[in-house]
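Structure first, then comments.
The values are calculated or read from the model by the stated rules, or taken from the named source; none is laboratory data. Predicted, not measured: the structure shown is a model, and the values here were computed from it. Backbone-built Cβ (ideal geometry, glycine too); neighbour counts: all protein chains shown. Accessible surface areas use protein heavy atoms only, side chains included; no ligands, DNA or RNA. Shrake-Rupley method; radii C 1.70, N 1.55, O 1.52, S 1.80 Å.
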Amino acid sequence: MNDRFEMLRELHRRYHNLDYTPQRAAVNREYVALADQLALPHEQVSGRYDLAWAYAMGDDPAKALPVCAEFFALLERYPRILGEDTARFSVCAAMIAFYVATCLSQISLEQCAALLEQFRRQVRKFGLGERLWQMHACHFRLMTGDKAGASEHLARFYAAPRDQISDCAACEAGNAAEFLLKLGRREEAMELVRPVLERRLTCEQQPWSVLSVLIHDALDRGELETARGYGRRLTLRRLQGPGDLPWAGAMMRLEAVDGGGRWSDPGKLARCLTYAMDLWDQTLLFRLYLGAAAYCGCLGRKRGEIRLTLPPKFPVYYHIALDSGELGPIPASRSFAACFNRTKRAPGRQWPGALFVRTSCKISG
């Protein structure tokens, strides 16, 4: 028995010493499983809180949702088990559950709204996290196409003081800038994100996340040279896990438009598909496949065929490309688009399956 307790302590030490990667999530899962076997309430609850963060920050964010549900069920059974950490853990777990729900195609806007309200109740119960909640409420209003409501929440976010569970300053700036771009307030967004771009504010996710957003923004506006500048900075980043798929998608879209050679090796796409295997988070998949579709279409026109070593059992459908008549595979996200349009119908949030099917190339391996 003592050996198992020692193993539990060692697993706890190991995952806390790891960056947020799939490896950390794997070690954290071992810790939770062993805590369950030993029936240790504190370790069961706190371990699930850590696991939710591990999924959300460095693995498959959507897998945090059932972990959050288990966390709250255990906390209801042992309401005093976390002591002074109860407030922080409860508000953050509610935040993770809401955020993750917005990334799952099968969860309706009504269910997302209910989780946002649960998050709100935790904030009010403990008097903690007002600034964080306003940011996520802004995100939800943008999902529903309510730009006026989003602007109100963004103003309240700025007015609310930072506290112990606020996002880091770099992520706050990046997220707010992305929302401002969606609201058409580009000058404000660029001024806000300047410290991130100048590397005066950095974290594990920034400036990489905001650079990918700005690449898409520049390409949407036809400013190729600006997009190239952001792309040159993103080439310094290496693929480490599922959380890198959005910027990989942005780089592939840039390569499709620019052909500058920053993503000339299709093997990088194969590595992305390895991270995409068994991924629940549909937003990460969408951002990857949007770029991959443009990239494969571009390479298909240049080379006629792309040779890739796909991961075993990677879900592939075949179709006749509309503009070339060639047989080509596409990732199985077409079904996601149809499901998303059924469950999250909202102005500006329709992601049709047509985005995923016009690859116009042969892929072999």
Tell me, please, whether a residue that is in contact with a Lys or Arg (Cβ under 6 Å, 6 or more places away or on another chain), more than 25 Å from PHE98 (Cβ to Cβ) and either crowded, with 17+ Cβ neighbours inside 10 Å or of a type in the set (S, T, N, Q) (or both) can be found in segment 289-296.
yes
Restricting to segment 102-121, give me the number of residues that are within 20 Å of PHE286 (Cα to Cα) and in a helix (DSSP H, G or I).
2
Identify, from the list GLU204, GLU178, the residue that is out of contact with any His (no Cβ under 6 Å at 6 or more places or on another chain), open to solvent by 20 Å² or more (accessible area, probe 1.4 Å) and in contact (Cβ under 8 Å) with a residue 40 or more places away in the chain.
GLU204
Six or more apart or on different chains, Cβ under 6 Å: which pairs go from a residue in segment 286-309 that's without any contact (Cβ under 8 Å) to a residue 60 or more places away in the chain and of a type in the set (S, T, N, Q) to one that's surrounded by fewer than 20 Cβ atoms within 10 Å (Cβ to Cβ) and part of a helix (DSSP H, G or I)? Could you list them?
THR309/ALA270
How many residues are acidic (Asp, Glu) and farther than 21 Å from VAL213 by Cα when one looks only at segment 248-275?
1
Could you list, in sequence order, the residues of segment 219-244 that are closer than 12 Å to ASP258 by Cα and either open to solvent by less than 10 Å² (accessible area, probe 1.4 Å) or of a type in the set (A, V, I, L, M, F, W, C) (or both)?
LEU219, LEU224, ALA227, GLY231
Hey, can you tell me all the residues within segment 300-312 that are touching a strand residue (DSSP E or B) at 6+ places or on another chain (Cβ under 9 Å) and under 30 Å from GLY58 (Cβ atoms)?
ILE306, LEU308, LEU310
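Is it the case, given these coordinates, that TYR78 is closer than 30 Å to ASP36 by Cβ, open to solvent by 20 Å² or more (accessible area, probe 1.4 Å) and at pLDDT below 95? Break it down into steps so the answer makes sense when it comes.
Numbers: closer than 30 Å to ASP36 by Cβ: yes; open to solvent by 20 Å² or more (accessible area, probe 1.4 Å): yes; at pLDDT below 95: no.
So TYR78 does not fit the description; no.
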Go through segment 44-81 and give me each residue that's more than 30 Å from ASP244 (Cα to Cα) and free of Cβ contacts under 8 Å to residues at least 40 places away in the same chain.
ALA73, LEU74, LEU75, GLU76, ARG77, TYR78, PRO79, ARG80
Would you mind telling me which numbered condition in (1) in a helix (DSSP H, G or I); (2) modelled with pLDDT of 95 or more TYR99 fails?
(2)
